[in-house]
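Have a look at this one before I ask anything.
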Amino acid sequence: MHNNDNSRPNWNIVGDFVFKTNSNCSMGILSIILFIRTRGKYTKWLAAVIFVTCFAIVYALNPDILKQLFKIGVEEGLKNLN
């Protein structure tokens, strides 16, 4: 029987979003590594553009997730200062 219960999330959509968000976060981390390990100014600019683009993609997918990521980052940063 087919269940038409709308209270359950569609896991295909949720899984797809989680994959897109995590792949962008890992791309951002790799761009930081590229920025640190490279010498050329153009490669540093490329790493910076990749890093900014990662946040733009996450914002385009769901602005609420970007707000949550910044909130988590600020909380962790404040914990490390104390």
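The values are calculated or read from the model by the stated rules, or taken from the named source; none is laboratory data. This is a predicted model, so every value here is computed, not measured. In this analysis, Cβ positions are derived from the backbone assuming ideal geometry, glycine residues included, and neighbour counts consider all displayed protein chains.
With respect to T53, is the statement that it is surrounded by 14 or more Cβ atoms within 10 Å (Cβ to Cβ) and out of contact with any Ser or Thr (no Cβ under 8 Å at 6 or more places or on another chain) true?
yes
Exactly one condition in (1) surrounded by 13 or more Cβ atoms within 10 Å (Cβ to Cβ); (2) at pLDDT 75 or above; (3) within 23 Å of F70 (Cα to Cα) is false for T21; which is it?
Condition (2) is where T21 drops out.
Please tell me if V58 is modelled with pLDDT of 70 or more and either exposed (fewer than 12 other Cβ atoms within 10 Å of the Cβ) or part of a helix (DSSP H, G or I) (or both).
Answer is yes for this residue.
Still on this structure: How many residues, within region 61-82, are among the polar types (S, T, N, Q) and either touching a residue at least 12 places away in the same chain (Cβ under 8 Å) or surrounded by 10 or more Cβ atoms within 10 Å (Cβ to Cβ) (or both)?
Total satisfying the criteria: 2.
Quick check: anything in region 38-47 part of a helix (DSSP H, G or I), touching a helix residue (DSSP H, G or I) at 6+ places or on another chain (Cβ under 7 Å) and modelled with pLDDT under 90?
Checked region 38-47: no residue is part of a helix (DSSP H, G or I), touching a helix residue (DSSP H, G or I) at 6+ places or on another chain (Cβ under 7 Å) and modelled with pLDDT under 90.
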